[in-house]
Amino acid sequence: MPQITLLLDLDDTLLDTNMEAFAPAYFSALAGALAGEVAPEIMLPALMGGTKVMMQNEDPALTLREAFDAHFFPKLGLPREALQQKIDRFYDETFPSLGHVARRRPEAVDFVRRAFEAGYRLAIATNPYFPLKAVQHRMRWAGLPPEEYPFALVSSYETFHFTKETLAYFHEFLAQLGWPDGPVVMVGNDLQMDLLPARRAGLPVFWLRDGHDPEHADIPQGNFADLWNWLHTVEEQAIAPAFSTPDAILAALRSTPAALTTLTTALPSEAWTCKPAPGEWCLTETLCHLRDVDAEVNLPRVQKLLAEENPFLPGVVSDAWVQERDYAAQDGRRALADFLQTRRRLIGLLAASADPWSRPARHAIFGPTSLLELAGFMADHDRAHVRQAWNLLRE
């Protein structure tokens, strides 16, 4: 079986967090750290409002930190720069002391250790409301310090654009992992937050819990020992992701520019035009290709399908544009920004239309088709090129 990727929730999965105790302790500590600049009665509503904004964000152009900051600091009447030093000190010095309200789960540590030894790829798929520093402290509370355990990815509000309230979170996570080819399983304790959304996004899931819920007998469930046994007996096809539903396709299309933005942030100039081998594309060429295919193929096709009954769609050979348009000489950052804007228009059309997915078309190559099938091809195309870019950046 190919390498299995496990997306592990953190709170109340790997760590007993006791949110009823943690949340007020966190709010009180943060209010105290900022009390010299901001009154607690102003800070708390601003914090809660900023968290709600993150939960609702569907804009692939905004990281969660950017979405939060745009709400939080204007409500305080202060720029981030005025509080940054105190915020950093809070997460460095005060936040670690809140670990007393959480409890380590030895069985979780044992499972993680065994899974790494068995060759699984593990990642921390926590809802990214917090800065990376805070998530790493919680990992230490769980007995899983990032300095010792090579998790492939940890979601945080600096590098993610979506929360688990938005299905695109799960696709953004996989995209930042380079869209792994093998089986993927989301493991979590929360049916409504971790498992049902992940399944809607096309991922197999395991419900970590004590006992068994017969109302959801179709969901694999149990404790860490049950999870370990299930992973060693389940058929490969049962844990293969399937991204064929409208929800999953739309989430994938939304996630692509978001993940590419994160993957290319702070990339040195020479990396944009570096080719892994003669004849292969550099990053700039890949991004120009995505930009032009969206602007000249995908968006016009969707517009035509929504405007006409069973239209004819000519085939387009776009790979030749790489040389014909001299993509390597263009600005990769600008290409990514333009791709993002076109993709937002495309998503807006699909999301705003009432049940557009069954609308038919006649394709010069595929024959009779539908918007759902064509959008699925778009998502497949995205995955291929995100994987290409990820492999290039890794090399």
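The values are calculated or read from the model by the stated rules, or taken from the named source; none is laboratory data. Everything quoted here is computed from the prediction, not taken from an experiment. Methodologically, a virtual Cβ is constructed for each residue, glycine included, from the backbone with ideal geometry; neighbour enumeration extends over all protein chains shown.
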Quiz item: For T262, are the conditions met, namely being surrounded by 14 or more Cβ atoms within 10 Å (Cβ to Cβ) and more than 30 Å from D355 (Cα to Cα)?
Solution: yes
Quiz item: Out of the range 346-367, which residues are surrounded by 14 or more Cβ atoms within 10 Å (Cβ to Cβ) and part of a helix (DSSP H, G or I)?
Solution: L346, I347, L349, L350
Quiz prompt | Those helices (runs of 4 or more DSSP H) lying entirely in the range 1-94 with at least 2 residues over 30 Å from W230 (Cβ atoms), at pLDDT 95 or above and of a type in the set (D, E) | solution = 64-76
Exercise. Among the candidates E285, E235, E280, single out the residue that is acidic (D, E) and outside the structural domain of A320 (by TED's automatic domain parsing).
Key: E235
Practice problem: For D210, work out the one condition from (1) in contact (Cβ under 8 Å) with a residue 24 or more places away in the chain; (2) in a loop (DSSP other than H, G, I, E, B) it doesn't fulfil. | Solution: (1)
Self-check item: Selection count where residues are closer than 24 Å to V101 by Cβ, of a type in the set (G, A, S) and assigned to a loop (DSSP other than H, G, I, E, B), scope the range 122-170
Solution: 5
Self-check item: Looking only at the range 194-215, and only at residues there that are surrounded by 11 or more Cβ atoms within 10 Å (Cβ to Cβ) and out of contact with any strand residue (DSSP E or B) (no Cβ under 7 Å at 6 or more places or on another chain), the one that is nearest to P128 (Cα to Cα)
Solution: P197
Practice problem: Within the range 296-333, track down each residue that is in a strand (DSSP E or B) and out of contact with any His (no Cβ under 6 Å at 6 or more places or on another chain). | Solution: F312
Quiz item: Among the residues of the range 175-201, how many are in a loop (DSSP other than H, G, I, E, B) and in contact with a His (Cβ under 8 Å, 6 or more places away or on another chain)?
Solution: 1
Quiz item: In the range 74-100, what residues are hydrophobic (A, V, I, L, M, F, W, C) and either buried (at least 18 other Cβ atoms within 10 Å of the Cβ) or within 30 Å of L253 (Cβ to Cβ) (or both)?
Solution: L76, L83, F90, F95, L98
Quiz prompt | The one condition in (1) touching a strand residue (DSSP E or B) at 6+ places or on another chain (Cβ under 6 Å); (2) of a type outside the set (D, E); (3) surrounded by 17 or more Cβ atoms within 10 Å (Cβ to Cβ); (4) not in a helix (DSSP H, G or I) that W281 fails to fulfil | solution = (1)
Quiz item: Filtering the range 168-187 down to residues that are under 16 Å from the mean Cα position of the chain (by Cα) and among the small types (G, A, S), which residue is nearest to G119 (Cα to Cα)?
Solution: G178
